[in-house]
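Below is one structure, written out as structure tokens; comments come after it.
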Amino acid sequence: HFDKDHSGALMAEEFKACLISLGYDVENDKQGDSEFSRIMGIVDPNGSGAVTFQAFIDFMSRETTDTDTADQVIASFKILAADKNFITADELRRELPPDQAEYCIARMAPYTGPDAIPGTLDYMSFST
């Protein structure tokens, strides 16, 4: 939508319009220009004036990760686990994209609480 010239990359003004639509304060004032310069330095470190799709995805991934606390992550897993203190590999595979599910399954310890069922996983220790 924002790639008006269909170049496969966003030029600076196209990228700025995209950021504004996402709620970033990069309007044409001193503070906005400073924030836009900061972001452009991240997504276009060589100063080409263009932002590739991959650079945009990488930037958005960094901007939206590492903001969840352990409690928020635990609460999310608890929803996926239907309010149980453990989760199964099948539930993870059903609820998450395949790569994320397999990542979690490979790294979650077996659940050992008093209500443990063989094969269940401990999402609480994984989250913290």
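As a summary of the residue check, CYS104 satisfies the conditions (1) of a type in the set (A, V, I, L, M, F, W, C); (2) surrounded by fewer than 16 Cβ atoms within 10 Å (Cβ to Cβ); (3) not assigned by the TED database to the domain that holds GLU14 except for the one numbered (2). Pairs are defined by a Cβ separation below 8 Å, a sequence spacing of at least 6 or placement on different chains, a first member in the stretch 37-55 that is charged (D, E, K, R), and a second member that is surrounded by 13 or more Cβ atoms within 10 Å (Cβ to Cβ) and not in a helix (DSSP H, G or I); the pairs so defined are ASP44/ALA50; ASP44/VAL51. Inspect the stretch 109-126 for any residue being of a type in the set (A, V, I, L, M) and within 30 Å of TYR24 (Cα to Cα) and give the result as yes or no. There is no residue in the stretch 109-126 that is of a type in the set (A, V, I, L, M) and within 30 Å of TYR24 (Cα to Cα). Return the residues of the stretch 1-13 that are touching a residue at least 12 places away in the same chain (Cβ under 8 Å), surrounded by 11 or more Cβ atoms within 10 Å (Cβ to Cβ) and within 23 Å of the chain's Cα centre (by Cα); say none if nothing qualifies. Residues satisfying the conditions are PHE2, ALA9, LEU10. Looking for something more than 30 Å from LEU19 (Cβ to Cβ), small (Gly, Ala, Ser) and at pLDDT below 95 - is there at least one such residue anywhere in the stretch 83-99? No: zero hits.
Do any residues in the stretch 98-109 that are β-branched (Val, Ile, Thr) have Cβ atoms under 9 Å from those of residues that are open to solvent by 90 Å² or more (accessible area, probe 1.4 Å), where the two are at least six apart or on different chains, and which pairs are they? Matching pairs, first to second residue: ILE105/ARG93. Here LYS16 clears all of (1) closer than 15 Å to GLU63 by Cβ; (2) surrounded by 11 or more Cβ atoms within 10 Å (Cβ to Cβ) except the condition numbered (1). Of the residues THR69, THR88, the single one that is surrounded by fewer than 11 Cβ atoms within 10 Å (Cβ to Cβ), of a type outside the set (Asp, Glu) and closer than 30 Å to GLY113 by Cα is THR69.
Charged (D, E, K, R), farther than 15 Å from SER127 by Cβ and in contact with a helix residue (DSSP H, G or I) (Cβ under 8 Å, 6 or more places away or on another chain), is that true of ASP115? Taking the combined requirement at face value, the residue does not satisfy it.
The values are calculated or read from the model by the stated rules, or taken from the named source; none is laboratory data. Everything numeric here is computed off the predicted structure, so don't read it as measured data. Note: ideal-geometry Cβ built from the backbone for every residue, glycine included; neighbour counts use all protein chains shown. Just the protein is used for accessible areas: all its heavy atoms, side chains included, with ligands, DNA and RNA removed. Shrake-Rupley method; radii C 1.70, N 1.55, O 1.52, S 1.80 Å.
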